[in-house]
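J.: Right, I'll just put the structure down here and ask away after.
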Ligand SMILES: Cc1ncc(C[n+]2csc(CCOP(=O)(O)OP(=O)(O)O)c2C)c(N)n1
Ligand code: SF4
Ligand code: SF4
Ligand code: SF4
């Protein structure tokens, strides 16, 4: 299954919890702090990297706070070497 | 260009077309319908916008839209229709878009009748919508003036980004007179504030909301400053035989024209009367009238209107308490004859500035004081 | 020697649309007005219409939508958005003009203007938010309020014998020849939100093609006045509004029907 991640604009979030309900992977939780507007913002809590980048959270977010990225597996899993000799 | 015989309503419509009116919206109501009908063919002929709306409420909001979109836009109606437009008038002023409205006034209240009246003076000058403002109100007395003021209305609307009324009545609307139409002007370019699709510039917004009291007060102060500027620069009136007059009749529009005949007749009898005819009902020529009253020469003013004395109050405010101000009015669509005004004036002269009881309580005149 | 492993690359799947202004909205948490804004903005982005669009905002909770969308915009009087949009569209027939209206605005005070815009086949798009209530004024009964629904002005529940039955705007407007596109969608879950977006896209396409009046009715929530959490409110839309307001395509132009079918087959 694809993997991904989301970035939540914490200051824009109104803590409505719609994304939390919509996420099939249950990797969104409400933060235990308040943002500048006094809301508890949503946060990605995904230690096992279960977010699939399906974007359903972003689709339901009324405030357009969520940016979604999906991982693109590196071609043929060849590590790309980059750098110069020290 | 040369003079041609023109009917009032048509002359106003054609003047608007030539002044570069790009969009007309209206709803039929007597006695202005011919204006709408003229627009229905002319505007389409010229590839401009004409639309018969579902109501006056819709018409004024279409004008609001078209004006916001950067077009010279207008509507025309008659008294009850203008009443329906009031909310839209206020939005137009509140968002500072230019618009021109022609009101061919009819008799009220209620459905009243379709006869000539000046019963909309207060509705236009004092209460054309909620909030603190006055529209500019232009009151022609003949067809040439109706043409010229219609053109002026569009220019003033643009200069001040505000609402301008041309107020006529059924007499002027139906009357035929030789007059000269202005040359056809090109449509003016869209103002930079207009809604045209933002393209590469920042968004334009047309709105009348200021949610915070401070901001709304600031807007109102700006609006008041603009109105003060208009009041200072745009007063128009006709002074007829006032140089040596001892008695002055004050009248606007059709009645102003009738009163002029009365003044001419009395002058022939050697009586020193003159006519003061406000052309801008707002801004009202208050200062000019006040100076006249202060000249020490005037024994009395006679205000005549086709209503119960609506402009009368503005005249009194301007004149003050030192010179008596009397009133002679007809209502319900009755147009006063010059003889009636002559009689009232003559009585005033004989009574040395006082109107005898017979006139004050006569069944024709509407008594005041 | 230092070697650095470049991270596995990732692609951007979703981001806030450009046609939405950066502004923070005043909408209550979880209010689907925000969702509808986002969808319209996404469609304007995708159809590349942002620079050629003029919005007419209405009076209701969405009164400030004129500044939430980064497009040229006007704020109409309560109920008059379709009349104002008519004035704008007639002056700019080549621009995209849309109104954004609530159910009090469109279906009560502005019904005449809306109907007549449709009757004229005015080539504008209407985004219609049906939340069964007057939101801005604090939750009074709207023409769309459900039978029996308690509001601040129907405290004993809407009594249809006294106040009539809910108005079905999408069906009503579909019956008008000038209407080219009239559908009802809901925003109560992700799947329906995506369907709503598709409909909004079609509506703007209808306008681009000059086919006539287009309207998308969106079943929407008002958690604040319904006195529910945002998620409860969405369930309420599903459980109570959907049965009264069936989702569906009440009118779709033939040309667009065939392409849709063609794709599906
Ligand atoms: C002429 C006029 N009447 C009444 C109002 C007060 N008013 C403001 S918003 C509104 C109702 C809005 O409800 P709706 O259209 O359903 O939008 P919502 O707030 O639910 O999004 C009313 C009655 C007004 N602004 N103007
Ligand atoms: S992208 Fe999908 S899986 Fe990831 S947080 Fe959002 S809803 Fe959950
Ligand atoms: S849906 Fe959006 S606003 Fe609501 S909690 Fe999630 S990120 Fe925050
Ligand atoms: S009152 Fe209702 S409709 Fe208005 S913003 Fe709040 S939740 Fe939305």
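J.: Name the residues in the range B:7-47 that are touching a residue at least 40 places away in the same chain (Cβ under 8 Å) and within 14 Å of chain C (Cβ to nearest Cβ), would you?
T.: Residues satisfying the conditions are B:20, B:21, B:22, B:23, B:24, B:25, B:26, B:27.
J.: So, one more: Residue by residue through the range C:51-67, note down the ones that are surrounded by fewer than 22 Cβ atoms within 10 Å (Cβ to Cβ) and either farther than 17 Å from residue C:220 by Cβ or within 16 Å of ligand 3 (Cβ to nearest atom) (or both).
T.: Hits for the range C:51-67 are C:51, C:52, C:67.
J.: Still on this structure, I have one more. Before we move on, is residue B:149 part of a helix (DSSP H, G or I), in the same structural domain as residue B:65 (by TED's automatic domain parsing), in contact with a helix residue (DSSP H, G or I) (Cβ under 9 Å, 6 or more places away or on another chain) and at pLDDT 95 or above?
T.: Judged against the criteria, residue B:149 is a match.
J.: Before we move on, is residue B:58 more than 10 Å from every other protein chain (Cβ to nearest Cβ), in a helix (DSSP H, G or I), surrounded by 24 or more Cβ atoms within 10 Å (Cβ to Cβ) and touching a helix residue (DSSP H, G or I) at 6+ places or on another chain (Cβ under 8 Å)?
T.: When the stated conditions are applied, residue B:58 does not pass them.
J.: Here's another thing I want to ask about it. When you scan the range C:60-107, how many residues do you find that are assigned to a loop (DSSP other than H, G, I, E, B) and more than 7 Å from every other protein chain (Cβ to nearest Cβ)? Show your work before the answer.
T.: Here is the first cut: in the range C:60-107, the ones assigned to a loop (DSSP other than H, G, I, E, B) are C:60, C:70-71, C:76-80, C:92-95.
Narrowing further to those that are more than 7 Å from every other protein chain (Cβ to nearest Cβ): C:60, C:78-79, C:93-94.
Here the count works out to 5.
J.: Would you tally the residues in the range C:218-260 being touching a strand residue (DSSP E or B) at 6+ places or on another chain (Cβ under 8 Å), within 16 Å of ligand 1 (Cβ to nearest atom) and in a helix (DSSP H, G or I)?
T.: 3
J.: For the list (1) away from chain B (no Cβ under 14 Å); (2) assigned to a loop (DSSP other than H, G, I, E, B); (3) crowded, with 20+ Cβ neighbours inside 10 Å, I need the number of the one condition that residue C:38 fails.
T.: (2)
J.: Right, next: If you go through the range A:64-73 one residue at a time, do you hit one that is part of a loop (DSSP other than H, G, I, E, B), within 11 Å of chain C (Cβ to nearest Cβ), more than 9 Å from ligand 2 (Cβ to nearest atom) and surrounded by fewer than 19 Cβ atoms within 10 Å (Cβ to Cβ)?
T.: yes
J.: Count, please, the residues in the range B:72-108 that happen to be in a loop (DSSP other than H, G, I, E, B) and closer than 21 Å to residue B:139 by Cα. Talk me through it step by step, then tell me what you get.
T.: Kept after step one, since they are in a loop (DSSP other than H, G, I, E, B), are these residues of the range B:72-108: B:72, B:78, B:85, B:95-98, B:107-108.
Next, from what is left, pick out any that are closer than 21 Å to residue B:139 by Cα: B:72, B:78, B:85, B:98, B:107-108.
Here the count works out to 6.
J.: Identify the residue in the range A:31-63 that is more than 14 Å from ligand 2 (Cβ to nearest atom) and in contact with a helix residue (DSSP H, G or I) (Cβ under 7 Å, 6 or more places away or on another chain) and, among all such residues, is farthest from the other protein chains (Cβ to nearest Cβ).
T.: A:63
J.: Turning to a different aspect of this structure: Could you grab me the full set of residues in the range B:205-251 that are part of a loop (DSSP other than H, G, I, E, B), modelled with pLDDT of 95 or more and in contact with a helix residue (DSSP H, G or I) (Cβ under 9 Å, 6 or more places away or on another chain)?
T.: Once the filter is applied, which keeps residues that are part of a loop (DSSP other than H, G, I, E, B), modelled with pLDDT of 95 or more and in contact with a helix residue (DSSP H, G or I) (Cβ under 9 Å, 6 or more places away or on another chain), the range B:205-251 yields B:207, B:208, B:209, B:210, B:234, B:235, B:236, B:241, B:242, B:245, B:246, B:251.
J.: Still on this model: For the range C:49-59, which residues satisfy the criterion of being assigned to a loop (DSSP other than H, G, I, E, B) and closer than 12 Å to residue B:197 by Cβ?
T.: C:49
J.: Yes or no: the range B:99-113 includes at least one residue that is within 24 Å of residue B:189 (Cα to Cα) and within 12 Å of another protein chain (Cβ to nearest Cβ).
T.: Step one: of the range B:99-113, the residues within 24 Å of residue B:189 (Cα to Cα) are B:99-102.
From what's left, within 12 Å of another protein chain (Cβ to nearest Cβ): B:99.
Yes, the conditions are met somewhere in the range B:99-113.
J.: Given the conditions (1) modelled with pLDDT of 95 or more; (2) farther than 19 Å from residue B:17 by Cα; (3) in contact with a strand residue (DSSP E or B) (Cβ under 7 Å, 6 or more places away or on another chain), and given that residue B:192 satisfies all but one, which numbered condition is not satisfied?
T.: (3)
The values are calculated or read from the model by the stated rules, or taken from the named source; none is laboratory data. No experiment lies behind these values; they were computed from the predicted model shown. Glycine also receives a Cβ, built like all others from the backbone with ideal geometry; neighbour counts cover every protein chain displayed.
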